[in-house]
1. Report, ordered by the first and then the second residue, all pairs with beta carbons closer than 6 Å, sequence separation of six or more or different chains, a first member in the stretch B:54-67 that is of a type in the set (D, E, K, R), and a second member that is part of a strand (DSSP E or B) and surrounded by fewer than 17 Cβ atoms within 10 Å (Cβ to Cβ).
2. How many of the residues making up the stretch B:1-36 are closer than 18 Å to B:Ser187 by Cα and of a type in the set (Gly, Ala, Ser)?
3. List, please: which pairs have Cβ atoms under 6 Å, are six or more places apart or on different chains, and start with a residue in the stretch B:184-198 that is among the aromatic types (Phe, Trp, Tyr) and end with one that is open to solvent by 30 Å² or more (accessible area, probe 1.4 Å) and in a strand (DSSP E or B)?
4. Within the set of pairs 6 or more residues apart or between chains, which connect a residue that is at the interface with chain B (Cβ under 8 Å from one of its Cβ atoms) inside the stretch A:96-114 to a residue that is surrounded by fewer than 19 Cβ atoms within 10 Å (Cβ to Cβ) and part of a helix (DSSP H, G or I) with Cβ atoms less than 6 Å apart?
5. Hey, among the residues in the stretch A:158-196 that are open to solvent by 80 Å² or more (accessible area, probe 1.4 Å) and at pLDDT 75 or above, which one's nearest to A:Lys112 (Cα to Cα)?
6. In the set A:Ala40, A:Ala55, A:Ala63, which member is without any contact (Cβ under 8 Å) to a residue 60 or more places away in the chain and either within 18 Å of B:Phe239 (Cβ to Cβ) or of a type in the set (Val, Ile, Thr) (or both)?
7. Based on what the data block shows, is B:Val96 assigned to a strand (DSSP E or B), within 14 Å of chain A (Cβ to nearest Cβ), under 18 Å from the mean Cα position of the chain (by Cα) and farther than 30 Å from A:Ile172 by Cβ?
Amino acid sequence: MAVFWDRREKPYVLVLFFLPLVWMVSSLLLGRYFPDPGKALMNLSGIWASIFVVAVLLLSPVARFKSFRVVSRYRRFVGLSAFFYSILHLIVYLVLFAGLSLSWIVSDLIEKPYIYAGVLAVIILSALAITSTKQMMKRMGKNWKRVHRLVYLASICVVAHLWWQVKSDITIAIWFSILIVSLLLLRMDQIPLYKSILKKYRESACAK
Amino acid sequence: PSFQNIIETPYGRDDKVSPYDVATSYNNFYEFGYGKGDPKEQSSQLKTQPWTISVEGEAAKTGVFDLDDIIKESMLEERIYRLRCVEAWSMVIPWVGVSLASVLKRFEPTSKAKYVYFETLFDPEQMPGQRSGSLDWPYREGLRIDEAMNPLAMLAVGMYGSVLPNQNGAPVRLVLPWKYGFKSIKSIVKIRFVETMPETTWSLLAPNEYGFYANVNPNVDHPRWSQKQERRLPGGVLFPNVVETKMFNGYEKEVASLYSGMDLKRFY
């Protein structure tokens, strides 16, 4: 393990994260999504964006295990991947799905609430991507962590976005909900209210 | 096998027909799976001959009829219709069949026959998608009797000059070009004349999303997506072929009178 998890693996990990993109683009060019590539690619890019959001949430629980501690090295990269695939999803929607038809996009915006959940997730991920540099980290100090907790909100947006637009096959929505909700529950201790209850409980336990 | 001596009709002469491969490899037929490619891949087990249809309810002539006796090859005509899926994609397909009215009238529906109910074959052995409870099987559809008798309504046994491929609803299906595709029920085994509005599969599953009428209507959006436009398939590699959706899918002249005075926002 220790040998594999060396700096040397970095290029391979980078390639790994671009594989879904390579796969999607080559499938598109090979005509695999024919005759309605917009629909297929929109679903796929959305699923990959969701997978990377899940991956972001997975990192710190996994890093708690000693032998996997190195994964936190890829935090920034996994987060940027989630950002990247969410932007890809947005572009696919605008260009390949709606054909840049203004009336289509506008009517979706006016009437489809799930779009906003998705848009909010993209906005959050963009903000986190912009503030992901070391410089920004330094400049923001303590606030950096606070701001980057917005990824939890983004993950809730993903769940809402998925449920709002499922047709009858709810498998994907169920799986992502289970993953995201349980990963959020692991972080219950970060919620202020829960924190204060926990603190009181501990204090009373000590008093005895 | 292709049909001989199909009667030509003026329907759809101006539309560009979708390629055969597209129309036969990309469609919804949940009896064979969720994916758009599943129907073609999973439907080879469907046995379409012999095929009988049970005619029931408020009609003088009821019973079990052989499909070959209901639709004679000599009566077949070709009509090119636009097909608008509720999922906002569309195709143009040359169907082979007869007018639905010509068939229904022969069963002599009584004055109590206010609606017609249709049912798809239920046989999980032949239709693997029915092994899961995704929909409440069998697939059910219905029409008001005057809709069913409208000359546009068609009972199809073929497309592109040949018999229907299994994945497109063999051996016999409805084609209702002014309604969303899911109303055009496939692989029909039952026709029942009834007095009250029958339950239909999609409106049972999600009544706020799919109504009984399901007329193509750009002014009434699906709760989860707009119906103002559609992607006419096949699209290009990068750019879809976006078309403005027309009222009643462009068949307003033929069917609008069926719904005069009705609030189509309520009866969607």
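1. These pairs meet every condition: B:Asp66/B:Thr52.
2. Going through the stretch B:1-36 one residue at a time, the tally reaches 3.
3. What qualifies is B:Phe193/B:Gly57; B:Phe193/B:Pro109.
4. Close Cβ pairs satisfying both conditions: A:Ala98/A:Ile105; A:Tyr114/A:Trp164.
5. A:Trp164
6. A:Ala40
7. No, not satisfied.
Residues are listed down the side, and each one gets a yes or a no for (1) of a type in the set (A, V, I, L, M); (2) open to solvent by 20 Å² or more (accessible area, probe 1.4 Å):
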residue	(1), (2)
B:Leu121	yes, yes
B:Gln126	no, yes
B:Gly133	no, yes
B:Ala153	yes, no
B:Gly158	no, no
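The values are calculated or read from the model by the stated rules, or taken from the named source; none is laboratory data. Small disclaimer: the values here were computed from a predicted structure and weren't measured. In this analysis, Cβ positions are derived from the backbone assuming ideal geometry, glycine residues included, and neighbour counts consider all displayed protein chains. In case anyone asks, the SASA skips ligands and DNA or RNA and just uses the protein heavy atoms, side chains included. Shrake-Rupley method; radii C 1.70, N 1.55, O 1.52, S 1.80 Å.
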